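Notes for the one structure printed next.
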Amino acid sequence: MKNKKHILVWIVIFLGIALIGGVVFAIVLHHAPAKPPADTVPQTTTLPPPEENTLTPMDFGYVDGYLTCLTQESVLGVDVSSYQKEVDWQQVKDAGFEFAMLRAGFRGYGTNGLMKEDSFAQTNYQNAKAAGLKVGAYFFSQAITVAEAIEEAQFLLEIVKDWELDMPLVFDWECLADNYRTVGVNARQLTDFAKAFCETVKGAGHRVMVYFNPNQSRKDMYLSELTDYGFWLAMYSDNMNYAYNVNMWQYTRSGSVPGIRGKADINLYFPYS
């Protein structure tokens with residue numbers, strides 16, 4: 001009888017421990033962080049991937065303080081907007097820079113999405129050309145429909161209608177904060193916006209590029225559908241390890257350029273037809 005009581009006690013203890021363990025496990029499971037979402041890399045169906053990038057970090061080096069390609073032609077340039085205020089373009093030219101990509105206009109981040117011309121666009125164009133730099137332009141897009149992307153392209157074309165352009169025009173779509181109007185746009189939509197913008201610009205007789213960073217090109221675009229246009233990569237490193245061929249590389253946003261106050265965006269352009 002005594003042994004039976006001991007066995008019964010041990011059974012009760014065991015069941016109690018099991019019950020407590022189950023409760024603890026449930027609490028831990030409830031409060032555990034959610035499993036990270038699976039990678040959402042867009043998949044195109046029938047199109048081949050963009051052309052593979054054959055350049056490696058070994059193909060680049062610094063000359064006079066700026067990155068250059070040692071194995072093929074590359075051209076040094078800057079991109080600016082009204083944030084840089086007045087630029088001494090002659091100093092920029094004398095420092096060895098050959099082109100300038102100018103923000104011609106932008107759409108606002110808010111619900112209304114009003115479009116405006118960059119307040120320094122015309123001045124930058126006139127002074128950069130006078131200093132002997134080649135000039136291209138970009139539009140900072142906040143399009144959330146195809147119609148808006150076309151509207152932005154037409155707005156850009158109107159700004160640059162009297163410009164002598166040596167470089168492409170660029171679709172620069174970015175969502176930099178969770179209160180921007182572009183939050184929620186998916187890869188299918190953004191790719192369609194880019195194509196609508198680029199086809200409108202091409203139809204007016206201009207070369208055109210799409211601006212993106214590596215993460216954006218992997219997750220937010222069907223890049224294989226945009227190979228009819230040039231690629232402008234924003235990747236802040238001196239190591240070229242991007243998978244696909246690009247036509248321009250914004251390799252730093254914190255460069256030092258004579259004639260530009262504060263930090264400057266510096267680019268390498270790889271000429272293409």
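The values are calculated or read from the model by the stated rules, or taken from the named source; none is laboratory data. Predicted, not measured: the structure shown is a model, and the values here were computed from it. Glycine gets a Cβ as well: all are built from the backbone with ideal geometry, and neighbour counts include every protein chain shown. Side chains are part of the model used for accessible areas, which takes the heavy atoms of the whole protein and leaves out ligands, DNA and RNA. Shrake-Rupley method; radii C 1.70, N 1.55, O 1.52, S 1.80 Å.
Is it the case that some residue within the stretch 96-107 is touching a residue at least 12 places away in the same chain (Cβ under 8 Å) and assigned to a helix (DSSP H, G or I)?
no
Can you tell me how many residues in the stretch 56-81 are open to solvent by 20 Å² or more (accessible area, probe 1.4 Å) and within 20 Å of the chain's Cα centre (by Cα)?
Count: 1.
Does the stretch 86-105 contain any residue that is at pLDDT 95 or above, touching a Ser or Thr at 6+ places or on another chain (Cβ under 7 Å) and under 29 Å from CYS175 (Cα atoms)? Spell out the reasoning first.
Quick first cut of the stretch 86-105, residues at pLDDT 95 or above only: 86-105.
Those still in the list that are touching a Ser or Thr at 6+ places or on another chain (Cβ under 7 Å) too: 103.
Filter once more, keeping what is under 29 Å from CYS175 (Cα atoms): 103.
Yes.
If I go through the stretch 108-124 residue by residue, how many of them are touching a strand residue (DSSP E or B) at 6+ places or on another chain (Cβ under 6 Å) and either at pLDDT below 95 or in a helix (DSSP H, G or I) (or both)?
Summing the residues that are touching a strand residue (DSSP E or B) at 6+ places or on another chain (Cβ under 6 Å) and either at pLDDT below 95 or in a helix (DSSP H, G or I) (or both) in the stretch 108-124 gives 3.
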